[in-house]
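Read-outs throughout are calculated quantities, based only on the coordinates presented, and are distinct from any laboratory measurement. No experiment lies behind these values; they were computed from the predicted model shown. All Cβ positions, glycine included, derive from the backbone under ideal geometry; neighbour counts span all protein chains shown.
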Amino acid sequence: MLIAILGFGSIWTTRPADAGRGAAHFNTTGIFVNSKWRHRSCLYGYVRINGCMGFQPASANRATRSVFESEPVCEWQGKRKLFLKHIAGEGTPDRYLANLSSRVPGWIDRDTQWMCDAGELLSFSEGNGEQEALVILPPYGWIHTANGSFSLQPDQERPWMAQFQRI
């Protein structure tokens, strides 16, 4: 599966390299509490990227709008996991990984159907009046928040780029 990165969650952790294993970076959602990002998971999941690709969390913004080869989301030890294997280049993605915050596009009522059936929730954190979610959506997939409904519209000339537009 090809997945384009539109945004990552706020919390990064790294498992350093050791004998026989390379470094791995993990990304998930969180809430800003007392000047620090904290886990406040309603649903815990994460994105994994191996360090052998040269990826560094400090420069994660350079990976946005990149297309990665990936396996579908799976469950591992009770946690949802998306493993980004390697950069595939600027191809046409099957899905998009997007970060949603209650600040933009708005508060999500988790007790309703707030995402299209083809979408997948990877991670969701909530607390202190804030929310953050990592979702995987197909092109033209939709979400519904307190600010309205939004569709993920790919750029026709650069399909690895997409943005939410009010519908």
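Near Gly106, the amide H atoms lying under 5 Å from its own belong to Ser101; only residues 5 or more places off or on other chains count, and H is placed 1.01 Å from N.
From least to most packed, judged by other beta carbons within 10 angstrom and beginning with the fewest, Thr145, Thr29, Thr14, Thr112 follow the order Thr112, Thr14, Thr145, Thr29.
Here the chain carries DSSP beta bridges of which approximately 85% are antiparallel, counting only pairs with both residues inside. Around the amide H of Phe83, modelled in the peptide plane, lie the amide H atoms of Arg48, Glu71, all under 5 Å away and 5 or more residues distant in sequence or on another chain. In a DSSP loop and with at most 15 other Cβ atoms within 10 Å, the GluC sites (Glu not before Pro) in the range 1-92 are Glu90. Which residue, Trp142, Trp107, Trp37, tops the fluctuation ranking in a GNM of the chain built on C-alpha contacts under 10 Å? Of Trp142, Trp107, Trp37, the most mobile in the Gaussian network model is Trp37. When the Cα gyration tensor is reduced to axis lengths a ≥ b ≥ c, the ratio a/c stays below 1.5 for the range 45-104, which is therefore classed as rounded. Taken as Cα centroids, the range 102-154 and the range 2-28 sit 23 Å apart, rounded to the nearest whole angstrom. By the count of neighbouring beta-carbon atoms within 10 Å, fewest first, Glu130, Glu71, Glu157 end up ordered Glu157, Glu71, Glu130. Electrostatic bookkeeping for Ser149 treats Lys and Arg as +1 and Asp and Glu as -1; over the other residues with beta carbon under 13 Å from its beta carbon, the sum is 0. Note that the range 50-65 has calculated 3J(HN,Hα) couplings of 6, x, 5, 7, x, 5, 10, x, 4, 10, 4, 4, 6, 7, 5, 6 Hz, one per residue in order, obtained from phi through the Karplus relation 6.51 cos²θ - 1.76 cosθ + 1.60 (θ = phi - 60°); glycine and proline are x. Under 1.5 on a/c is rounded, so check that first for the range 2-166, then, if it is not, pick prolate when a/b is larger than b/c and oblate when it is not; a ≥ b ≥ c are the square roots of the alpha carbon gyration tensor eigenvalues. Verdict is oblate for the range 2-166. Between the amide H of Glu130 and any residue lying 5 or more places away or on another chain, no distance stays under 5 Å, with hydrogens modeled in the peptide plane. Shape class of the range 1-97 from the alpha-carbon gyration tensor: rounded, with the ratio a/c of largest to smallest axis under 1.5. 3J(HN,Hα) couplings calculated from phi for the range 137-149 with the Karplus curve 6.51 cos²θ - 1.76 cosθ + 1.60 (θ = phi - 60°) are, in sequence order, 10, x, x, 6, x, 10, 10, 10, 10, 4, 8, x, 9 Hz; Gly and Pro show x.
What residue among Ala17, Ala63, Ala118 has the largest mean-square fluctuation in a Gaussian network model of the chain, using Cα springs under 10 Å? Of Ala17, Ala63, Ala118, the most mobile in the Gaussian network model is Ala17. In this simple spin-label approximation, Ile87 and Thr14 carry label points 7 Å from Cα along the Cα→Cβ vector, and these lie 1.8 nm apart.
Per-residue Karplus couplings for the range 14-22, computed as 6.51 cos²θ - 1.76 cosθ + 1.60 with θ equal to phi - 60°, are listed in order as 10, 9, x, 5, 9, 4, x, 10, x Hz, Gly and Pro entered as x.
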